[in-house]
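The block underneath contains the structure these notes are about, expressed in structure tokens.
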Amino acid sequence: MNQPGSPTPVTTTFVLRFWRKETVGEVRWRGSIEHVQSGEEAAFLDVETMMSFLNRYGIQMEDSETIKPNK
């Protein structure tokens with residue numbers, strides 16, 4: 001895990017999980033994301049929430065819709 005004030009690692013790893021949740025007459029996709037280096041996890045129901053988690057680690061969606069790290 002990085003300590004405050006330490007340089008940002010060159011590589012950062014995320015684990016994404018997706019699954020379908022079926023209820024009476026409705027199918028909904030759910031997901032979770034984990035930042036491997038810190039062990040921090042979050043659940044999400046939409047891309048915006050997932051991206052909010054990634055933004056905390058300096059990753060933003062560009063206009064081209066390609067994920068790129070912040071510089």
List the residues, sorted by chain then number, that are 5 or more residues from Q37 or on another chain and whose placed amide H is less than 5 Å from its amide H.
T13
Extension length gain for V15 and V47 (0.36 nm per residue less Cα distance), in nm, is 10.1 nm
If we count other beta carbons within 10 Å of each Cβ, what is the order of I59, I33, fewest first?
I59, I33
Beyond 14 Å, what share of the Cα-Cα pairs of the range 14-63 remains, rounded to the nearest whole percent?
54 percent
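Read-outs: derived from the displayed coordinates by stated rules, not from any lab. As the structure is a prediction and not an experimental result, all values here were calculated from the model. Every residue, glycine as well, gets a Cβ built from its backbone with ideal geometry; the counts of neighbours run over all protein chains shown.
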